[in-house]
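The values are calculated or read from the model by the stated rules, or taken from the named source; none is laboratory data. What you see is a predicted model, and the numbers here were worked out from it, not measured in a lab. Methodologically, a virtual Cβ is constructed for each residue, glycine included, from the backbone with ideal geometry; neighbour enumeration extends over all protein chains shown.
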Amino acid sequence: MTHILYPFQLEMQLKAFKLSGMAKTFGNRLREAEEKNLTYAELVALLVEDEKTERADNKRKKLFKGARLPSEQDLTEFNFDFQPSINRREILELATCQFLKTASNILFIGQSGTGKIHLSVAIALAALEQERTVLFTTVWEMINKLQQARADMSYLRKIQSYIKPDLLILDELGYRSMAKSTVEDFYEIISHRHEKRSVIITSNSPVTEWDKVFIDKRLTAAIVDRLTQHHKQITITGESWRKRHRD
């Protein structure tokens, strides 16, 4: 004999089976079914759609939280007129995220305040909307965490967190020079991602001067070779937006 469950018991069962989308709307959907004289199949279809929507929303929230973006500025907020050295069409093409399919890289080169982070974040937001995994970090935050991971024996696990995302954004390359051990950590990330997953790098130094950042000429050549094999470089020659509006 089938045991008949009351609505509140069914709602509890839905939660127990981790069908939170259905559980949230269950009461409202029952009332809707009665008011509109829906069939059982129609009621179930609505509940399934609610579950699908809930899971999609949760996935999106998880992706955005995991990306650790410093802001959520998209391209509609970028002032291309202020930076005429930037090709708007080129940026819009990058924002389609086709470069992720070929594991190509993007290098944003320019002085502080010229829009490198804004453009990187806008592309990251576009990637997230396509349900791609993204991670934003400064170069030195990544290096420090890897150095700490060496000390507590979690290095292999930590390095995977920088290798796995579909898009890794490394901000502020060039602000400080790296010791040999830190260059090796940087190379480890780049070499593992090479031709597998994309990297966006923002730097205030042109690529020709990266030997002053990495110091080790052999590793500098290896890093540059991997980053530029398949890449798009955007060099921004305009003035700082922050400086203009501060003055």
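List pairs: first in region 187-205 and in a helix (DSSP H, G or I) and crowded, with 19+ Cβ neighbours inside 10 Å, second modelled with pLDDT of 95 or more and not hydrophobic (A, V, I, L, M, F, W, C), Cβ under 7 Å, 6+ apart or cross-chain?
Ile189/Tyr162; Ile190/Arg226
Over 29 Å from Arg226 (Cβ atoms) and assigned by TED's automatic domain parsing to the domain that holds Ser191: which single residue out of Phe99, Phe80, Phe108 fits that description? Don't jump to the end; show me each part of the working.
Details: Phe99 fails: over 29 Å from Arg226 (Cβ atoms); Phe108 fails: over 29 Å from Arg226 (Cβ atoms).
Just one listed residue meets the conditions, Phe80.
Could you list, in sequence order, all residues of region 54-72 that are loosely packed, with under 14 Cβ neighbours inside 10 Å, among the acidic types (Asp, Glu) and in contact (Cβ under 8 Å) with a residue 24 or more places away in the chain?
Glu72
Residues Glu11, Glu93, Glu51, Glu32: which one is under 30 Å from Thr137 (Cα atoms), surrounded by 13 or more Cβ atoms within 10 Å (Cβ to Cβ) and without any contact (Cβ under 8 Å) to a residue 40 or more places away in the chain? Quick ask: steps written out before the conclusion?
Details: Glu11 fails: under 30 Å from Thr137 (Cα atoms); Glu51 fails: under 30 Å from Thr137 (Cα atoms); Glu32 fails: under 30 Å from Thr137 (Cα atoms).
Among Glu11, Glu93, Glu51, Glu32, only Glu93 is under 30 Å from Thr137 (Cα atoms), surrounded by 13 or more Cβ atoms within 10 Å (Cβ to Cβ) and without any contact (Cβ under 8 Å) to a residue 40 or more places away in the chain.
Would you check if there is a residue in region 116-123 being on the phi > 0 side of the Ramachandran plot, touching a helix residue (DSSP H, G or I) at 6+ places or on another chain (Cβ under 7 Å) and hydrophobic (A, V, I, L, M, F, W, C)?
No, every residue in region 116-123 fails to be on the phi > 0 side of the Ramachandran plot, touching a helix residue (DSSP H, G or I) at 6+ places or on another chain (Cβ under 7 Å) and hydrophobic (A, V, I, L, M, F, W, C).
Restricting attention to region 157-169, does a residue exist that is of a type in the set (Phe, Trp, Tyr), within 21 Å of the chain's Cα centre (by Cα) and surrounded by fewer than 20 Cβ atoms within 10 Å (Cβ to Cβ)?
no
Being more than 21 Å from the chain's Cα centre (by Cα) and assigned to a strand (DSSP E or B) narrows it down to one of Thr182, Thr235, so name that one. Lay out the reasoning, then the answer.
Working: Thr182 fails: assigned to a strand (DSSP E or B).
Testing whether each residue is more than 21 Å from the chain's Cα centre (by Cα) and assigned to a strand (DSSP E or B) leaves just Thr235.
Show me the helices (runs of 4 or more DSSP H) entirely contained within region 17-133 in which 3 or more residues are under 26 Å from the mean Cα position of the chain (by Cα). Steps first, answer last, please.
Values: elements: 20-36, 40-67, 88-94, 116-129.
So the answer is 40-67, 88-94, 116-129.
If a residue has to be farther than 16 Å from Asn105 by Cβ and of a type in the set (D, E, K, R) to count, how many in region 189-222 make the cut?
6
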